[in-house]
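Enquirer: Quick one: this structure, given as structure tokens, is what I'll be asking you about.
The values are calculated or read from the model by the stated rules, or taken from the named source; none is laboratory data. As the structure is a prediction and not an experimental result, all values here were calculated from the model. Cβ sites come from the backbone with ideal geometry, for glycine too, and all protein chains shown count toward neighbours.
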Amino acid sequence: MKNIIWILGIVLLFSSCKDKIHQKYLANSPVYTDYETFRNSGGFEASKSIEQQGNIYFKDDFLFMVEPDKGIHFIDNTNPSSPMQAGFLSIWGATGMAIKGNYLYANSFIDLVVYDISSLANPTLVERSEDVFPGALPFSEKNYPYKTIDKSKGVVTSWTIEEVTEDITNSQPSWVGCFNCDASWAEVNSTFDSGTGGSGNGGASTGISGSISLFTIMDDYLYVVENGSLLHPFEISNPASPNVYDPVYLWGDVETLFPHNEYIFMGTPSGMLVYETSSPTVPTFVSSLSHARGCDPVVVQDDYAYVTVRSGGPCGGDINQLDVIDISSIESPILKASFNLKNPHGLGIDGTSLFICDGEDGLKVFDATNPETAGDNKLQQFKNIQATDIIPVNGIAIVIGEDGIFQYDYSDLSNITLLSSLNF
């Protein structure tokens, strides 16, 4: 009997050893900044060189460009032929912005900050709403898993790559999936996000942004998307002191926002969503229209929505096209036409002129007099830039690409001309 027990013990020992797996892998390890240091950082500085492209925003002859996770460049655009950098507002963790009146709103990792910009030479912090974006994390360039975050240590302001060693058993599943899929809201809008999208009407005192947008203002409300799944409403009837409301859970992984009348149009990797804001603190789902998987900013004018669907990047897919959607019945949007493109990013609409940033194929301008045939009516193409997003306003197309900001005069559509370039 003792021999049987001894043999059984040996079998169990070897079985146990066999079941254990010694695993090593690289992971993103959080780098913390204590809360006091984090919240006392930033301020307005002299202009500096632009190192990384971010969203563009236009208001009152000034152009603003967010440099992801660092802050906002102020550019005097009184003369579009000669834009002049006017200063840099350092905001740790900024990825988006919007402006109403003399107040600028931006995210600072987990906080919302409000600056009085009545003096553009001396922006002043007037409010910081703390911990309103609890899931916000810095962007990671490495597609590795994330180590556990301990919020008692402070705010995660960057990542370092570390080797992790652990013992797991066969009963524990190996790590699989997309390392960065849900970890950072900055991943989607590290390209851009902004306030009032394209030529949307967010109120007479708001600015205008490009189409790849996760901030938007509608009347007395600011809306911000966090991590693709939460829509945060802020009441800004008193612009210097936002009222914070509970976030609304969204259908789908939302990448962009565009306001039109009382509706918010949202782009997701699988289609367009429409929410209405009759109860502004609790936007509600109205309708959707699915498409093949791909990144898809949307802009709206009158009874039509224009959506670009792009392959690759964080969205996957293999479709590159423009979709034109009839939204005259907002509860039942109808796809009317699709047109092949190279690798479309942002887009803008102004009257009968449709502008599409087609990646390495440059900027393309179409006649959208008849929206359903717009993609067949190309007016002009500029191939010398890698175009990413655009603001068409007052006959000037402000385009951002991988290496600069380019401005075109389109007041004469038969002779669109380059006015200036601000390279970085």
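Enquirer: Give all pairs with beta carbons closer than 7 Å in which a residue from region 150-167 that is touching a residue at least 60 places away in the same chain (Cβ under 8 Å) and basic (Lys, Arg) meets a residue that is part of a strand (DSSP E or B) and surrounded by 10 or more Cβ atoms within 10 Å (Cβ to Cβ); count only pairs at least 6 apart in sequence or on separate chains.
Expert: From residues that are touching a residue at least 60 places away in the same chain (Cβ under 8 Å) and basic (Lys, Arg), the pairs are Lys153/Tyr32.
Enquirer: Every residue in region 56-80 that is within 15 Å of Ile400 (Cα to Cα) and either over 23 Å from the mean Cα position of the chain (by Cα) or not hydrophobic (A, V, I, L, M, F, W, C) (or both), please.
Expert: Passing the criteria: Tyr57, Glu67, Pro68, His73, Asn77, Pro80.
Enquirer: On to the next question. Just the residues that are among the charged types (D, E, K, R), closer than 22 Å to Asp412 by Cα and surrounded by fewer than 22 Cβ atoms within 10 Å (Cβ to Cβ), please, taken from region 333-380.
Expert: Of everything in region 333-380, those that are among the charged types (D, E, K, R), closer than 22 Å to Asp412 by Cα and surrounded by fewer than 22 Cβ atoms within 10 Å (Cβ to Cβ) turn out to be Asp350, Asp367, Asp376, Lys378.
Enquirer: Okay, next question. Can you pull out the residues in region 266-303 that are touching a residue at least 60 places away in the same chain (Cβ under 8 Å) and surrounded by 21 or more Cβ atoms within 10 Å (Cβ to Cβ)?
Expert: Met272, Pro283, Pro297, Val298, Val299, Val300
Enquirer: Same structure again: Take the residues of region 381-423 that are within 15 Å of Asp358 (Cα to Cα), of a type in the set (S, T, N, Q) and in contact with a strand residue (DSSP E or B) (Cβ under 7 Å, 6 or more places away or on another chain): which is surrounded by the most Cβ atoms within 10 Å (Cβ to Cβ)?
Expert: Thr388
Enquirer: May I pose another question? Would you call Ala106 at pLDDT below 95, among the small types (Gly, Ala, Ser) and in contact with a strand residue (DSSP E or B) (Cβ under 7 Å, 6 or more places away or on another chain)?
Expert: Answer is no for this residue.
Enquirer: Filter region 112-168 down to residues that are at pLDDT below 90, farther than 23 Å from Leu230 by Cβ and part of a loop (DSSP other than H, G, I, E, B), then give me how many there are.
Expert: 5
Enquirer: Moving on. Over 24 Å from Asn55 (Cα atoms) and either within 20 Å of the chain's Cα centre (by Cα) or surrounded by 23 or more Cβ atoms within 10 Å (Cβ to Cβ) (or both): does that describe Pro259?
Expert: No; evaluated as a whole, the condition is false for this residue.
Enquirer: Still on this structure, I have one more. Among the candidates Val299, Val309, single out the residue that is under 18 Å from the mean Cα position of the chain (by Cα), assigned to a strand (DSSP E or B) and at pLDDT 95 or above.
Expert: Val299
Enquirer: Would you check which residues across region 236-255 are within 21 Å of Tyr103 (Cα to Cα) and crowded, with 17+ Cβ neighbours inside 10 Å and list them?
Expert: Ile236, Pro239, Pro242
Enquirer: Given region 319-416, what strands (runs of 3 or more DSSP E) lie entirely inside it while holding 2 or more residues that are of a type outside the set (A, V, I, L, M) and closer than 18 Å to Val299 by Cα?
Expert: Numbers: elements: 321-326, 334-340, 347-350, 353-357, 363-367, 378-382, 387-393, 396-401, 404-409.
Fully inside region 319-416 and qualifying: 321-326, 334-340, 347-350, 353-357, 363-367, 387-393.
Enquirer: Now, a different point. Can you tell me how many residues within region 352-372 are touching a strand residue (DSSP E or B) at 6+ places or on another chain (Cβ under 8 Å) and either over 17 Å from Lys383 (Cβ atoms) or basic (Lys, Arg) (or both)?
Expert: Here is the first cut: in region 352-372, the ones touching a strand residue (DSSP E or B) at 6+ places or on another chain (Cβ under 8 Å) are 352-359, 361-368, 371-372.
Right, trim to either over 17 Å from Lys383 (Cβ atoms) or basic (Lys, Arg) (or both) and you get 352-354, 364, 367-368, 371-372.
So the answer is 8.
Enquirer: Can you list the strands (runs of 3 or more DSSP E) lying wholly within region 213-279 that have 2 or more residues being farther than 24 Å from Asp302 by Cβ? Explain how you work it out, then say what you get.
Expert: Numbers: elements: 215-218, 221-226, 230-235, 256-260, 263-268, 271-276.
Once the strands (runs of 3 or more DSSP E) in region 213-279 are filtered for at least 2 residues that are farther than 24 Å from Asp302 by Cβ, what remains is 221-226, 230-235.
Enquirer: For region 71-104, which positions are aliphatic (A, V, I, L, M) and farther than 21 Å from Met218 by Cβ?
Expert: Result: Ile72, Ile75, Met84, Ala86, Leu89, Ile91, Ala94.
Enquirer: Mind checking whether some residue in region 2-16 is surrounded by 12 or more Cβ atoms within 10 Å (Cβ to Cβ), more than 27 Å from Ser421 (Cα to Cα), of a type in the set (Gly, Ala, Ser) and at pLDDT below 95?
Expert: Looking for residues that are surrounded by 12 or more Cβ atoms within 10 Å (Cβ to Cβ), more than 27 Å from Ser421 (Cα to Cα), of a type in the set (Gly, Ala, Ser) and at pLDDT below 95, one finds none in region 2-16, hence no.
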